[in-house]
Amino acid sequence: MEKRNNKNVKNNIPFMNTSAEIENKVNDLLKKLTLEEKFKLLAGKQLWFTKPIKRLGIPSLKMTDGPHGIAPHSSNNMECTYFPTGICRASTWNVDLSREFGEALGREVRDIGSHILLGPAINIIRTPLCGRNFEYQTEDPYLNSRLAEAVVKGIQSQRVAACVKHYVCNNQETNRFKVNAIVSERALEEIYFPAFKAAVVNSDAWSFMSCYNKVNGKYGSENEYLIYKKLINEWHFRGFVVSDWGATQFISKPENCINARLSLEMPRAKVYKKNLLLEAYEEGRFTDEALNDNVKRLLRVMFLVGLFENESSLPKGERNTKRNQGIARRIAEEGMVLLKNESNLLPLNSDKIKKIAIMGPNMDKKFGEGGGSSQVKPPYEITPYLGIKQFCANKIEIINNPEDADVVIAVMGYDHELGNDAESVDRKRYELPNEQVDLILEISEKNSNVIIVLIGGLIGMSDWVDKVPAIIMAWYPGMEGGTALANIIFGKINPSGKLPVTLPKTLSDYKVHESNRTYPGNDDVYYEEGIFIGYRYFDKYDINPLFPFGYGLSYTNFNYYNLEIDKQKITKKDSLLVSLNIKNEGNYYGGEIVQLYIQDKEASVERPIKELKGFKKIFLQPKEEKIVNFRINWKDLTFFDDNLKKWIVEDGEFIILIGTSSRDIKLRSKFEFKEK
Ligand code: BGC
């Protein structure tokens, strides 16, 4: 099938020539397609495939869910690696690990013979109740961006297309098919767009999934502003946009989607039915240029994923390997967050402890095959109970009576039952169910050495947080979660995860939950908090959260000192080097996430008290120290001006805050920005 004849390439470029430039191949193939064939390409054949064009030898593009492993429903029920979910991976703050995860996921997709992975899912965590928070990453646009771009790079390094979803403002599941998010341009620019933009500008994402909901009056799949103006014209996206499955159900005019640049309607033609398209085309409601652009985007991705190439020239896939499972375990180990550890109860000394009681509704539950479209069917799943039991084998007795135990490990939290942490419905409660709260209180009466392990998305703890000495937030830690948990509990691994979200004391502390208008809305949901999401909100009103953004404990302690900046003043032409020393003062090897926030001292508009603009995860041996460097330039100082409708920077003083969390600032310095 492959021709490498250069003479041929010059005049008449055959699209199957593997050495030809991709755009030449795309144009060549486009010319060969009839109008009817172009229409055919615009909608799915069935759930996970596009329609093949047999006449030209164009096979189906194959897609698969989902963001933390391949789903059984889109892979003929195959077993695949179940990685920790998005929020657990985000808690690692480890960009390199996110890239490795993307590579592993890409290898698994290659192995099942698919071309597009429907992820990463990177909607901003706007409310603790969103049923899909467990799939998403964070409340912060900067952290979201760095992690998203790493995952996309990783997936695509295997010549598998990432499909970044759900563009945009799919921040709740309640009424997700219809709700209209009314959100300011500034909030879109500063909070909701950045990670989507970074996935394109920094990682050349090959596909995007439009959201179900409307944004400022228009559904995501027909939203010219979101797709054509921002994604394509401003960010120079060269891939294609696919509708979320069934997201076009309330759209009646195909031209709206063609003009917006929705290239693929899934799972089947509804608005892109042949007769509807033909009628609109003949009436001139869309142009050949718009149609061709949509088709070219699909063709381009076909070439990028190697649809016409020989298997042997493409990266080799692998699935359920030790390597991929090892990455799942490392993410779980780095993603679990130690929230509380009074009197250094943790790590447990396995030589001294004789009896451990393990309890709680989640102690032996499996979570892979739940949650909706992101479910995964792993070949095995180490539950917390199994992981601890394996670690304790022949050393420590596992019992179930808390009164007789040296230590109690209670595994509480949520699961993926509908109405808990699952797609299509939001959670009703932020706190644990009452019976779990009662159980924690009861256990804490019987034993003072209680470790609470929480499985779930965001969880409120005010009712019991003071009653227990140790808390580990394990999120949904994947198929190796139990092993990772045991490694942390017994000190084989020093926890290094930090919260990628704010955990408020109660929901009513949060502007988003001020009224029905702001959440969940009826037809409309008003993002009245604007840019003040997460820590930006808690800082503005000086409300103490239960646990702040960026927070997480370690078994060692780090000392921050000697903050230096190389200039007092910068312009648009230069940048600022920020450096500091960090030393591991304790006795454990460990990782620390150094966070850099910037505060604009005075601005013509209200800005957040501080914003994350850099972070570094570093690992240090006991007593080891390192210099940590950051580079800041004028772009890190900008904000979106709603009146001028552009990003601007203003002259003035800026403060650099170096913290171990957003509320524990260790060092500060200041500098001036002057345009000229
Ligand atoms: C979900 C997407 C998913 C798609 C295909 C939709 O309902 O919102 O995240 O990729 O289904 O399963």
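The values are calculated or read from the model by the stated rules, or taken from the named source; none is laboratory data. If you're wondering where the values come from, they're calculated on a predicted model, not measured in any experiment. Methodologically, a virtual Cβ is constructed for each residue, glycine included, from the backbone with ideal geometry; neighbour enumeration extends over all protein chains shown. Just so you know, the surface numbers come from the protein's heavy atoms only, side chains and all, with ligands and any DNA or RNA stripped out. Shrake-Rupley method; radii C 1.70, N 1.55, O 1.52, S 1.80 Å.
In the range 425-444, how many are surrounded by fewer than 16 Cβ atoms within 10 Å (Cβ to Cβ) and among the polar types (S, T, N, Q)?
1
So, in the range 300-314, of the ones that are open to solvent by 40 Å² or more (accessible area, probe 1.4 Å) and assigned to a loop (DSSP other than H, G, I, E, B), which residue ends up nearest to LEU33 (Cα to Cα)?
Step by step, filter the range 300-314, then rank; the result is GLU309.
Can you confirm whether the range 453-465 contains a residue that is open to solvent by 10 Å² or more (accessible area, probe 1.4 Å), within 23 Å of HIS68 (Cα to Cα) and away from the ligand (no atom under 16 Å from the Cβ)? Give the derivation first.
So in the range 453-465, the residues open to solvent by 10 Å² or more (accessible area, probe 1.4 Å) come out as 462-463, 465.
Checking which are within 23 Å of HIS68 (Cα to Cα) leaves us with none.
Scanning the range 453-465, I find no residue that is open to solvent by 10 Å² or more (accessible area, probe 1.4 Å), within 23 Å of HIS68 (Cα to Cα) and away from the ligand (no atom under 16 Å from the Cβ), so the answer is no.
With respect to ASP406, determine if the residue is closer than 19 Å to ASN341 by Cα and either away from the ligand (no atom under 16 Å from the Cβ) or of a type in the set (A, V, I, L, M) (or both).
Answer is yes for this residue.
Give just the number: which of (1) in a strand (DSSP E or B); (2) modelled with pLDDT under 95; (3) of a type outside the set (Asp, Glu) does SER508 not satisfy?
Answer for SER508: the failing condition is (1).
To keep it simple, each residue is scored yes or no on (1) within 14 Å of the chain's Cα centre (by Cα); (2) not in a loop (DSSP other than H, G, I, E, B).
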{"site": "TYR82", "(1), (2)": "no, no"}
{"site": "CYS88", "(1), (2)": "yes, yes"}
{"site": "PHE101", "(1), (2)": "yes, yes"}
{"site": "ALA104", "(1), (2)": "no, yes"}
{"site": "VAL109", "(1), (2)": "no, yes"}
{"site": "SER114", "(1), (2)": "no, no"}
{"site": "ASN144", "(1), (2)": "yes, yes"}
{"site": "VAL151", "(1), (2)": "yes, yes"}
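Hey, any hits in the range 365-374 for a residue that's in a helix (DSSP H, G or I), open to solvent by 40 Å² or more (accessible area, probe 1.4 Å) and not basic (Lys, Arg)?
To start, the set of residues in the range 365-374 that are in a helix (DSSP H, G or I) comprises none.
No, because not a single residue in the range 365-374 is in a helix (DSSP H, G or I), open to solvent by 40 Å² or more (accessible area, probe 1.4 Å) and not basic (Lys, Arg).
If you check every pair at least six apart or on different chains, which have Cβ atoms under 8 Å apart with a residue in the range 82-109 that is outside the structural domain of LYS366 (by TED's automatic domain parsing) first and a residue that is among the aromatic types (Phe, Trp, Tyr) and assigned to a helix (DSSP H, G or I) second?
PHE83/PHE101; ARG89/PHE101
Hey, does the range 477-485 have a residue that's more than 24 Å from ARG330 (Cβ to Cβ) and in the same structural domain as VAL407 (by TED's automatic domain parsing)?
no
Could you say whether any residue in the range 617-624 is surrounded by fewer than 16 Cβ atoms within 10 Å (Cβ to Cβ), closer than 25 Å to LEU546 by Cβ and at pLDDT 95 or above? Spell out the reasoning first.
Our first condition is that a residue be surrounded by fewer than 16 Cβ atoms within 10 Å (Cβ to Cβ); within the range 617-624, this holds for 619, 621-624.
Remaining after also requiring closer than 25 Å to LEU546 by Cβ: none.
Taking every residue of the range 617-624 in turn, none turns out to be surrounded by fewer than 16 Cβ atoms within 10 Å (Cβ to Cβ), closer than 25 Å to LEU546 by Cβ and at pLDDT 95 or above.
Among the numbered criteria (1) in the same structural domain as SER157 (by TED's automatic domain parsing); (2) open to solvent by 30 Å² or more (accessible area, probe 1.4 Å); (3) in contact with a Ser or Thr (Cβ under 7 Å, 6 or more places away or on another chain), which one does ARG297 miss?
In the conditions (1) in the same structural domain as SER157 (by TED's automatic domain parsing); (2) open to solvent by 30 Å² or more (accessible area, probe 1.4 Å); (3) in contact with a Ser or Thr (Cβ under 7 Å, 6 or more places away or on another chain), ARG297 misses (2) alone.
Scan the range 470-489 and tell me whether some residue there is aromatic (Phe, Trp, Tyr) and within 28 Å of PRO194 (Cβ to Cβ).
As a first pass, look at the range 470-489 and keep what is aromatic (Phe, Trp, Tyr): 475-476.
Now drop any that are not within 28 Å of PRO194 (Cβ to Cβ), which leaves 475-476.
Checking the range 470-489: at least one residue is aromatic (Phe, Trp, Tyr) and within 28 Å of PRO194 (Cβ to Cβ).
If I go through the range 78-119 residue by residue, how many of them are in contact with a helix residue (DSSP H, G or I) (Cβ under 7 Å, 6 or more places away or on another chain), open to solvent by 10 Å² or more (accessible area, probe 1.4 Å) and within 16 Å of the ligand (Cβ to nearest atom)?
1
Which ranges mark the strands (runs of 3 or more DSSP E) fully within the range 573-676 that have 3 or more residues being of a type in the set (Lys, Arg)? Step through it out loud before you land on a result.
Details: elements: 576-584, 590-600, 611-620, 625-632, 639-641, 646-648, 652-661, 664-673.
Ranges flagged: 611-620, 664-673.
Just to be sure I understand, how many residues within the range 625-636 are of a type in the set (D, E, K, R) and open to solvent by 80 Å² or more (accessible area, probe 1.4 Å)?
Here the count works out to 3.
The conditions are (1) part of a helix (DSSP H, G or I); (2) open to solvent by 10 Å² or more (accessible area, probe 1.4 Å), and SER60 fails exactly one of them. Which is it?
Tallying (1) part of a helix (DSSP H, G or I); (2) open to solvent by 10 Å² or more (accessible area, probe 1.4 Å), SER60 fails exactly one: (1).
Run SER221 past the list (1) without any contact (Cβ under 8 Å) to a residue 12 or more places away in the chain; (2) under 23 Å from the mean Cα position of the chain (by Cα) and report the number of the one that doesn't hold.
All conditions pass for SER221, except number (1).
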